[in-house]
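The values are calculated or read from the model by the stated rules, or taken from the named source; none is laboratory data. Note that the structure is predicted; figures quoted are calculated from it, not measured. Quick reminder, even Gly has a Cβ in these numbers, built from the backbone with ideal geometry, and neighbours come from all protein chains shown. Side chains are part of the model used for accessible areas, which takes the heavy atoms of the whole protein and leaves out ligands, DNA and RNA. Shrake-Rupley method; radii C 1.70, N 1.55, O 1.52, S 1.80 Å.
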Amino acid sequence: MRWFPLFLDIRDRKVVVVGGGQIAERKIDLFQSAGPCITIIAPTITASLQARVEAGQFTWEMRRFEVNDLEGAAVVVASTDDDAVNRAVAAAATARSIPVNVVDNLELSTGILPAIVDRSPLVIAVSTEGSAPAFARHVRARIEMAIDESFGELASFLRRVRGQIKARFADLGERRRFYATLLEGAVPDALRRRRPEDAEAAFLAALESGVSSGGHVTLVGAGPGDPGLLTLHALRALQAADIVFYDRLVSADILSLARREAELVSVGKSAGDHSVPQERINALLVEHAAAGQRVVRLKGGDPFVFGRGGEEIETLVAHGIAYSIVPGVTAAVACGAYAGIPLTHRDHSRGVRFVTAHVKSALDAVDWPSLARESDTLAIYMGVSSIERVQQELLAHGKAADTPIAFVENGTRPEQRVLIGMLSGAIDLANRAQVRSPALLIIGAVAALATELAWFGAAPLTAEEAASNTSAP
Ligand code: SAH
């Protein structure tokens, strides 16, 4: 290691930036969060720097660099495009033992600016010792992903309670073991939920008992299949999980993102066939969380859209289990996007209805007259066998026979198919194209836009095209 990382206190200290271009501005941005007094030395500066000078953020000396400018400086940056000036700045700073960073010139620099992850008071600095700043930024982005916004809160919390912990556990080994449970447990969990009072209570309980219990459930929406549609919170939950209970619709690609040591348990629900009954799933979640495990309940799409997530959470509440909920991209939103079908469109549809037509009881509960009457886009979450009933009911209640429709089968997955037609031909389309679950049915004028706006996977097919494609015997 040639460059030693050292955190400098520059609050109210003088930082001199020689040069007033875009690079200077980026460096100034880096410094500014630490509250120094910044002086720019340059004959001209960018308009946006000028605006910030006028707003009083820092001062500007409108002239060329002079050696005296370094008087009292804590750090110096040379960012001009004139090599001679940069050299003069570096020489003057080095002679005065003031750390200097010369942009794009390691030889002249005695300090480098790292890429920073700022969750103050937690601050992570990343450097490649100047060899590849772009790579340092890449690593920083990875760290940003792994470390959620609440880590700063956690760092402040720990700063505050450090003394109490030290007083309670005099022995270093004991203290370390306590920290290990604390950092995995209910305190960071509560801070992530923006419940500081819960964090405080969890901490006091932990201090009393000597360990922090970490049991909680994260109800996670896995989205429709493409792992790129996971949220950062979903990824973090998967990577912290002790055990994952997942549904049939969750793709293997997504499961492979779980922590390697996590136990993966299929509770594979599919329409009609509930391999693990809901009550049993509810009980499993409670049991494992109560035993102190970090449980992830992973569901296709969004857990609160036709996902029975509500029932699972009600059970957790009844048993006093801590939980959090991570939304996912629901099938209608994802299939619309990946099929090039805007669910709303100023010219075609001002609203969208999510409807489940999954099983007979759901079909019986649908308000067909209102669905047939409205011009809103219908996004029908369905078992493919429901299509007969859907077509018949909508036509019987007066929906136009030539209303455009689209099936999106395996939406967002490599094998995605989009099948387009009209409401009166929906059953025929499903049969001839052999549409299989999971499939979403979109009904409304917007469905016709798929022809024009499709961008992902195979092009949309009509019944004829699909029939000749599948060439059923
Ligand atoms: N909670 C889920 C929906 C569960 S109901 C969500 O928010 O998406 C299951 C139905 O969702 C399936 O029958 C199908 O209609 C739809 N679905 C889920 N994933 C899908 C996908 N990748 N492509 C098309 N439809 C999908």
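Quick look at the numbers
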{"read-out": "Gyration tensor (alpha-carbon) shape descriptor, the chain, a/c threshold 1.5", "value": "oblate"}
{"read-out": "Tail weight of P(r) past 21 Å, computed on alpha-carbon pairs of region 274-416, percent", "value": "54"}
{"read-out": "Per-pair calculated FRET efficiency, R0 = 51 Å: residue 211 and residue 400 via Cβ, rounded to 0.05", "value": "0.20"}
{"read-out": "Rounded to whole Hz, the Karplus (6.51, -1.76, 1.60) HN-Hα couplings of region 399-404, x for glycine and proline", "value": "5, 4, 4, 8, 4, x"}
{"read-out": "Centroid-to-centroid separation of region 367-381 and region 239-253 [C-alpha atoms, Å]", "value": "33"}
{"read-out": "Residue 147/residue 427 FRET efficiency (R0 45 Å; Cβ-Cβ; nearest 0.05)", "value": "0.30"}
{"read-out": "Sparse-neighbour loop sites [trypsin sites (Lys or Arg not before Pro); region 413-473; at most 16 other C-beta within 10 Å; DSSP]", "value": "436"}
{"read-out": "Most to least packed among 345-352, 374-381 [average Cβ atoms within 10 Å]", "value": "374-381, 345-352"}
{"read-out": "Projected label distance in nm at residue 137 and residue 66, using a 7 Å step from Cα toward the beta-carbon", "value": "3.6"}
{"read-out": "In region 26-71, GluC sites (Glu not before Pro) in a DSSP loop with at most 15 other beta-carbon atoms within 10 Å", "value": "66, 71"}
{"read-out": "In sequence order, calculated HN-Hα J values of region 304-313 (Karplus, 6.51, -1.76, 1.60; Hz; x Gly/Pro)", "value": "9, 10, 6, x, 6, x, x, 5, 5, 5"}
{"read-out": "Low-density loop cleavage sites - GluC sites (Glu not before Pro) in region 389-450, where at most 14 other Cβ are within 10 Å (DSSP)", "value": "415"}
{"read-out": "For region 364-459, with +1 on Lys and Arg beta carbons and -1 on Asp and Glu, the positive-most of 450, 406, 433 along the dipole", "value": "433"}
{"read-out": "Region 120-144-region 291-348 distance, computed between alpha-carbon centres (Å)", "value": "33"}
{"read-out": "Potential extension, residue 318-residue 453 segment - 0.36 nm per residue separation minus Cα distance", "value": "43.9 nm"}
{"read-out": "Residue order for 69, 364 - accessible surface, 1.4 angstrom probe, largest first", "value": "364, 69"}
{"read-out": "With every protein chain in place, the chain: carbon and sulfur % of accessible area (1.4 Å)", "value": "54"}
{"read-out": "Inter-site label distance for residue 290 and residue 275 at 7 Å from Cα along Cβ, in nm", "value": "2.6"}
{"read-out": "Global size of region 186-273 as Cα Rg and Dmax, reported in angstrom", "value": "15.7, 48"}
